[in-house]
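Beneath this line is the structure, given in structure tokens, with notes to follow.
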């Protein structure tokens, strides 16, 4: 089956089509189905997609992304967050360096530190260790979400962190796709047709004008269309996740990462979702052709391009 090529020493578990609440993150990530983040690489070129998906390229997670991931965890799975996250022990001895640990005759102080950290890691090593500043920041963002009444309403009765897998046929090629939705709103009430997503931004950027640039830069309209279409394709009138309500609206819960941790809710315009859907369709059609031919073109495909100054630069004096 195409769309599941991988270069891994261990064959990953392929998850059957369906919706999986609170699926283990490792299982989700290890399944090589096509995510919208993969499809966005096709915006650059098929060569970029192939490099990331099958060629072993991995970008390093930034600290901002790290905090954003943990904020999702705190806001959407608070009980699990409490179990899996721990504050770095303030009274801990300094961690011994590799040189100290491997010394022929470690000092008594080093031996005591090694023993202390061995015991602590045995009990807590499986948890994510946060500094006090990181813990405070995540708590501040989460609290900012809770005090926004619209965000609180979106989360009320919602189903969170739903992993979705669906096999589609595009131009004769079978392609496994996936997505993980933050918030599927309750099928009753004013938000019954809404899927919502949490995004974190810099201080002062939680507003429609600034966030519009993020939508364009990070392909959020593609994400919205991808998740809406994936969820609707997997549900039916007798499915426990819906009561004949098709999801068609998308709302961002946009939270600032610094005090006062302002949170706003912003609904994406319908035509933007349609535009994201059109881009997705173009990209997945190209992807199907690449799977068929095993040709992964680079930008411009070796041809000379033409570059000009942007309009604003032409007018500058």
Residue-span extension gain [residue 24 to residue 109] - 0.36 nm each, minus C-alpha spacing: 26.6 nm
Three-way shape call for the stretch 48-96 based on the alpha-carbon gyration tensor, with the a/c threshold at 1.5: oblate
Whole-number percent relative contact order across the chain, with pairs defined as alpha carbons under 8 Å at least 6 apart: 22 percent
Relative packing of peptides 141-149, 84-92 - highest average C-beta neighbours within 10 Å first: 141-149, 84-92
Estimated FRET transfer efficiency when R0 is 25 angstrom, pair residue 282-residue 59 (beta carbons, to 0.05): 0.55
Pairwise label distance in nanometres, residue 167 with residue 17, each label 7 Å out on the Cα-Cβ vector: 0.8 nm
Label-point separation, residue 190 to residue 133 (7 Å along Cα→Cβ), nm: 4.0 nm
Global geometry of the stretch 89-130, whether rounded, prolate or oblate, following the gyration tensor of its Cα atoms and the 1.5 cut on a/c: prolate
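Which length gain, in nm to one decimal place, applies between residue 269 and residue 294 when the Cα-Cα distance is subtracted from 0.36 nm times their residue separation? Please list the in-between numbers first.
Working: separation 25, 0.36 × 25 = 9.00 nm, distance 3.67 nm.
Working it through step by step, the gained length comes to 5.3 nm.
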Antiparallel %, DSSP beta bridges [both residues in the chain], to 5: 65 percent
The chain: most fluctuating residue of 18, 302, 55 per GNM, C-alpha cutoff 10 Å: 302
Inter-label distance, nm, simple model (7 Å from Cα along the C-beta direction), residue 98/residue 304: 5.0 nm
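From the helices alone, meaning DSSP H stretches of at least four residues, give me the mean residue ellipticity at 222 nm for the chain, per-run term -39500 (n - 2.57), in deg cm²/dmol to the nearest 500.
Values: 13 runs with 142 residues, N = 317.
Mean residue ellipticity, 222 nm, calculated: -13500 deg cm²/dmol.
Quick check: residue separation of residue 207 and residue 116 times 0.36 nm, minus the Cα distance between them. What number comes out in nm? Intermediate results must be reported in sequence, preceding the final value.
Details: separation 91, 0.36 × 91 = 32.76 nm, distance 4.73 nm.
The span from residue 207 to residue 116 would gain 28.0 nm if fully extended.
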Estimated FRET transfer efficiency (residue 216, residue 124; beta-carbon r; R0 51 Å; 0.05): 0.75
Prolate/oblate/rounded call for the stretch 105-191, Cα gyration tensor, a/c under 1.5 rounded: oblate
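Rule-based calculations on the coordinates, nothing more; no lab input. Only a predicted model underlies this, so the values are computations on that prediction, with no experimental measurement involved. Note: ideal-geometry Cβ built from the backbone for every residue, glycine included; neighbour counts use all protein chains shown.
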